[in-house]
1. Could you tell me whether residue B:267 is outside any loop (DSSP other than H, G, I, E, B), surrounded by fewer than 21 Cβ atoms within 10 Å (Cβ to Cβ), within 14 Å of chain A (Cβ to nearest Cβ) and in contact (Cβ under 8 Å) with a residue 40 or more places away in the chain?
2. Taking the stretch A:349-371, which residues are over 27 Å from the mean Cα position of the chain (by Cα), farther than 11 Å from residue B:265 by Cβ and either surrounded by fewer than 21 Cβ atoms within 10 Å (Cβ to Cβ) or facing chain B (nearest Cβ under 7 Å) (or both)?
3. Go through the residues of the stretch A:373-387 one by one and say whether even a single one is under 27 Å from the mean Cα position of the chain (by Cα), within 7 Å of another protein chain (Cβ to nearest Cβ) and in contact (Cβ under 8 Å) with a residue 12 or more places away in the chain.
4. Would you check if residue B:143 is buried (at least 19 other Cβ atoms within 10 Å of the Cβ) and at pLDDT 95 or above?
5. Report, by residue number, each residue of the stretch B:192-202 that is more than 12 Å from chain A (Cβ to nearest Cβ) and either closer than 24 Å to residue A:351 by Cα or in a helix (DSSP H, G or I) (or both).
6. Can you find even one residue in the stretch A:42-50 that is surrounded by fewer than 19 Cβ atoms within 10 Å (Cβ to Cβ) and either within 14 Å of chain B (Cβ to nearest Cβ) or under 27 Å from residue A:224 (Cβ atoms) (or both)?
7. Suppose we keep only residues that are touching a helix residue (DSSP H, G or I) at 6+ places or on another chain (Cβ under 6 Å) and assigned to a loop (DSSP other than H, G, I, E, B) within the stretch B:299-313. Which one would you say is farthest from the other protein chains (Cβ to nearest Cβ)?
8. Restricting attention to the stretch A:142-171, and to residues there that are free of Cβ contacts under 8 Å to residues at least 24 places away in the same chain and under 18 Å from residue A:187 (Cβ atoms), which single residue is surrounded by the fewest Cβ atoms within 10 Å (Cβ to Cβ)?
């Protein structure tokens, strides 16, 4: 996608998508044959598994690998388990993929009643036990921490990447559910004094007013809606003295939390901004676990060899390698790029043109950083070139004249440092 | 069932501005052509011979070094051609062929490739090459001596040399308008001020060079020359003269702005450029060399890594959400 203007005296500006006054109606997609869910836990062959090929599951049932597991997924469909296999995600994340064969009783699928009973006593335990796989991927772990309690909950009504309108859509159309969700979050956090702020695009400040929390407008200039930029801007660096004192929830996650407690059912429908090759946008609603191919078929998009399917936005998303890949709880957008739109990275050295330095929102000296990273000097990069100040927005790589995959270098370096640190702690 | 479709998989971001290094170099070459065409009109076929030899030999040195060093061949990126072209623009139209070839050897091999190629050179290769040439064979690069056989319709003396040896009064023989229109002796591509300014404005507007460096370089020349002129108008020529003759314009637009040897942060760019301008006039007025641009740029490239440490403090990442 070429976005450079003819004049180049100022760095290129990118703006977020803003939702129109009449949001599109969601296209509903139901998985045809199989759903795939990822449990965030490595599959250990020796362990005695609770779920095996052939096990029957009903919609809303919690699936855990072993009785000791802390992680789980909630099945969006009724059916039988087809396969349980190891899966390696981004940055070597070891997960387990569970494939469930859908049994077609669309009328009224058998629903597991465990959550309905638990929802009568709303609280952090219930939320952690049933809701962490909700569409929008709410992370309750920060709220559970007692040593350094969360002071601020930031509700992200603005989408953190370009082209995406999923959270804006929720803010615009599901004000009631967000309000329910905010109330539920208040109960979850108990009587603690937690400050809740909802960040929305400036044009939605009015629409978001009914949620019952402080609403603040976010500039539509990239990367101002990046969660860390919002936290820096609204909470301020002084409030960030404590690590993790801010918890982030997307507007979609908050709405689903509200829905879950109100109806006593775990909602599965994930809202996705679908962007076709021609840039046309649709809002798709599909259960978590639905393979991309079902969505492609429903919206009538064709994908050929060499095209790129992006989960997430164009700046920070992840490209997937199979059309069997399922919708995940945090898949806010699915973007299809034609082969001809792809500009590949190149194996060139940095020429020190400084474009990256001029666009970096946190003033990272990217030209210095990339020299350390290219040489594999990750510790030096962190000490001398502000590797840790990077908020991973991808802007530097977007403007790079040498087309260096800077963002990938940065992620790799952070990953390697994390592993080194973990190894040191293990040996200590 | 295995899925046979092969999707393109890569790391984010999935958009790019579409800019590239070679696009930039080809644009700079195109802009430099204005001055080259003027050089041809002024000095005839010998000018084209020098240009062609310089561009060609620079590309051959690049390809040869890449071959010997077992590096990927980079002559298609346009940088070697650009180095050859800019070097030729600094030379007199009748430079002997072996001087040109030596110059491009120094520029490509000693100025650029031995440091690791594109982006790794601490000095502008053209500036290194010209400095070595003028220190080694000053007679061939002396514009007055080299261009003695030409008949010009204007004052056939190199303005910088005239002022150096005859005092500020000599500057009165050159009008600023005349110098802008190229009515001065000099290198093939250094004389036509208007063409250089138009080209520079285009490069700045398109973002191919950084305006901070060009503007502060010229401002440095202007301010320093003005102060010298103020202190002793009989000895030192005025700022207008210094801006539009010698290598001032080509230095500010094509030489000082070379990416690898110049800073990237705002304040360092201003310091770098202004320092270059100041040093240029200091060398011209007080030094032994006729023109100071080349040595001034060498010195500012030397301080570039230190100056570029002046940068805004990074907004520290203090959160670490899961």
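1. Spelling it out, residue B:267 is indeed outside any loop (DSSP other than H, G, I, E, B), surrounded by fewer than 21 Cβ atoms within 10 Å (Cβ to Cβ), within 14 Å of chain A (Cβ to nearest Cβ) and in contact (Cβ under 8 Å) with a residue 40 or more places away in the chain.
2. Listed by number, the residues that qualify are A:349, A:350, A:351, A:352, A:353, A:371.
3. Yes; the residues of the stretch A:373-387 include at least one that is under 27 Å from the mean Cα position of the chain (by Cα), within 7 Å of another protein chain (Cβ to nearest Cβ) and in contact (Cβ under 8 Å) with a residue 12 or more places away in the chain.
4. Answer is no for this residue.
5. B:193, B:194, B:195, B:196, B:197, B:198, B:199, B:200
6. No, there is no match, as no residue in the stretch A:42-50 is surrounded by fewer than 19 Cβ atoms within 10 Å (Cβ to Cβ) and either within 14 Å of chain B (Cβ to nearest Cβ) or under 27 Å from residue A:224 (Cβ atoms) (or both).
7. Within the stretch B:299-313, the match that is farthest from the other protein chains (Cβ to nearest Cβ) is B:310.
8. Selected residue: A:146.
The values are calculated or read from the model by the stated rules, or taken from the named source; none is laboratory data. As the structure is a prediction and not an experimental result, all values here were calculated from the model. Here Cβ is always computed from backbone atoms with ideal geometry, including for glycine, and neighbour counts include all displayed protein chains.
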